[in-house]
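K.L.:
Have a look at the structure that comes next, please.
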Amino acid sequence: MTDTPPRFAPGTFAPAPGRGSIPRMLFTHARVETLLTLRHGEQILLTLLIPLALLVGLTLLDVLPMGDLVAADGSSVAKVDWVTPRILALAVMSSAFTGQAIALGFDRRYGVLKRLSATALPRWMLVTGRIVAALVVVTAQVLVLGGVAALLGWQPALSGALMAVLLLVIGTICFGALGVLLGGALRAEIVLALANIAWFVLLLAGGILLAPAALPDALAVVVRLLPSGALAEGLRAALVDGTTAWAELGVLAAWGAGAGTLASRTTKLS
């Protein structure tokens, strides 16, 4: 039996139909997710304006017990130097966890994810594209918040800059996996409520606004093992003390691996 010749000769149509390359598809999907995030007013409020307001307010006003503002070497620490790493941790949590969870929940509700899954995009890319978009948004947040903090007198320890970047990247992946875990398994209305509740709880009692040093010893240990507390304390160690934070990085990696594994089994397309 002979093979049936192709109906159309190669080159008849331009551009040639077919699936694009993996890097091109990932870039396009991540770009679309980034633009959708930046066009959403509520997302901008959550991911940028609230952290920005807290950065300025906590730096200029005495509203939180910060304890002794002393670095690891015993030198005094300016308030803006204490506040900025924690606000950066809040920005990561807002965009990678809360924003992604809510967006994914409503995408599932309106059938967006099911339609995307019918395209040439592999299923893993539906998640990876969102995390890459979160990394882009976090980069923009860090630039804006860092610029405002610099105007307020922020002087980070340059020796910890590389560790801070590593913490921000792993932290974004960790919170992104947690956001996919929440947004991919529950109804959109439940995701909306739980994501916002988790944001407030972690902000107030998860090691971001209140440092573990200001908490009772038993609670401080628990807070350091939370992804929010690990990211905030790791960034403080890197940007204030200029030291490494491998323990905090390990906590973030463990949370991210666990959430990612569980999310791959529980995420629904609708």
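K.L.:
Okay, helix-only estimate at 222 nm for the chain: each DSSP H run of n ≥ 4 adds -39500 (n - 2.57), divide by all residues, round to 500 deg cm²/dmol; what do you get?
P.N.:
Details: 12 runs with 171 residues, N = 270.
Using -39500 (n - 2.57) per qualifying helix, the result is -20500 deg cm²/dmol.
K.L.:
Using semi-axes √(5λ) of the Cα gyration tensor in Å as the read-out, say which of [x] 37, 30, 17; [y] 40, 19, 17; [z] 42, 23, 19 was calculated from these coordinates.
P.N.:
Given [x] 37, 30, 17; [y] 40, 19, 17; [z] 42, 23, 19, the calculated one carries the label [y].
K.L.:
Three principal axis extents, largest first, for the C-alpha atoms of the range 127-270, in Å?
P.N.:
47, 36, 25
K.L.:
Positive end of the charge dipole of the chain (Lys, Arg +1 and Asp, Glu -1 on Cβ, about the Cα centre): tell me which of Val223, Ala150, Ala253 has its Cα farthest that way.
P.N.:
Ala253
K.L.:
Please give the charge dipole size of the chain, origin at the Cα centre, charges +1 on K and R Cβ atoms and -1 on D and E Cβ atoms. Round to the nearest 20 debye. Before the final figure, lay out each step's value.
P.N.:
Values: 18 positive and 13 negative charges, 290 e Å.
For this selection, approximately 1400 debye.
K.L.:
Compute the projected area of the convex hull of the Cα atoms of the range 35-167, averaged over all viewing directions, and report it in nm² to one decimal place.
P.N.:
On the way: hull surface 39.2 nm².
Averaging across all directions leaves 9.8 nm² for the Cα convex hull.
K.L.:
Assuming 0.36 nm per residue, please report the length gained on full extension of the stretch Ala254 to Val169 beyond their Cα-Cα distance.
P.N.:
Numbers: separation 85, 0.36 × 85 = 30.60 nm, distance 1.41 nm.
Full extension of this stretch gives 29.2 nm more.
K.L.:
Taking Cα pairs under 8 Å and at least six residues apart, what relative contact order does the range 61-199 come out at, in percent? Can you show the working numbers first?
P.N.:
Working: 114 pairs, mean separation 62.3, N = 139.
Relative contact order of the range 61-199: 45 percent.
K.L.:
Further question: So for the pair Leu49, Thr119, with labels modelled 7 Å out along Cα→Cβ, what separation do we get in nm?
P.N.:
3.0 nm
K.L.:
May I ask you to evaluate 6.51 cos²θ - 1.76 cosθ + 1.60, the Karplus curve with θ = phi - 60°, for each residue of the range 79-91 and list the ³J(HN,Hα) values in order in whole Hz, giving x for glycine and proline?
P.N.:
Running phi through 6.51 cos²θ - 1.76 cosθ + 1.60 with θ = phi - 60° gives 4, 5, 5, 6, 6, 4, x, 6, 5, 5, 5, 4, 4 Hz.
K.L.:
If you don't mind, another one. Rounded to the nearest 20 debye, what is the charge dipole size of the range 80-195 about its Cα centre when +1 sits on each Lys and Arg Cβ and -1 on each Asp and Glu Cβ?
P.N.:
Values: 8 positive and 3 negative charges, 105 e Å.
So the magnitude is around 500 debye.
K.L.:
Here's another thing I want to ask about it. Leaving ligands, DNA and RNA out of it, report the carbon-plus-sulfur percent of the accessible area of the chain at a 1.4 Å probe. Walk me through the numbers on the way to the answer.
P.N.:
Details: 9590 of 13980 Å².
Answer for the chain: carbon and sulfur cover 69 percent of the accessible area.
K.L.:
May I pose another question? In Å², what does the accessible area per residue of the chain work out to with a 1.4 Å probe? Kindly include the intermediate steps, with their values, before the conclusion.
P.N.:
Numbers: 13980 Å² over 270 residues.
I get 52 Å² per residue for this part.
K.L.:
Next question. Quick one: if the Förster radius is 25 Å, what FRET efficiency do Gln155 and Phe200 give, using the C-beta to C-beta distance and rounding to 0.05?
P.N.:
Numbers: r = 31 Å, r/R0 = 1.23.
FRET efficiency, Gln155 to Phe200: 0.25.
K.L.:
Read phi for every residue in the range 201-211 and hand back ³J(HN,Hα) as whole Hz from Karplus 6.51 cos²θ - 1.76 cosθ + 1.60, θ = phi - 60°, with x for Gly and Pro.
P.N.:
After applying 6.51 cos²θ - 1.76 cosθ + 1.60, I find 5, 5, 5, 8, 10, x, x, 8, 6, 10, 5 Hz.
K.L.:
Charges only on Cβ, +1 for Lys and Arg, -1 for Asp and Glu: so what's the dipole of the range 136-270 about the Cα centre, in debye to the nearest 20? List each step's numbers first, then the result.
P.N.:
Values: 5 positive and 5 negative charges, 75 e Å.
Dipole magnitude for the range 136-270 comes out near 360 debye.
K.L.:
Another one. Taking the range 109-174, how much of its Cα-Cα pair set, in percent, is spaced more than 14 angstrom apart? Before the final figure, lay out each step's value.
P.N.:
Values: 1510 of 2145 pairs.
It works out to 70 percent of all Cα pairs.
K.L.:
Using the Karplus curve 6.51 cos²θ - 1.76 cosθ + 1.60 with θ = phi - 60°, work out ³J(HN,Hα) for each residue of the range 236-251 in order, rounded to whole Hz, and write x for Gly and Pro.
P.N.:
Values, residue by residue: 5, 4, 6, 8, 9, 8, x, 10, 7, 9, 5, 5, 5, 5, x, 4 Hz.
The values are calculated or read from the model by the stated rules, or taken from the named source; none is laboratory data. All values derive from a computational prediction rather than experimental measurement. Positions of Cβ are generated from backbone atoms using ideal geometry, with glycine treated the same way; all protein chains shown enter the neighbour counts. When the accessible area is computed, the model is the full protein with side chains, heavy atoms only, and any ligands, DNA or RNA have been set aside. Shrake-Rupley method; radii C 1.70, N 1.55, O 1.52, S 1.80 Å.
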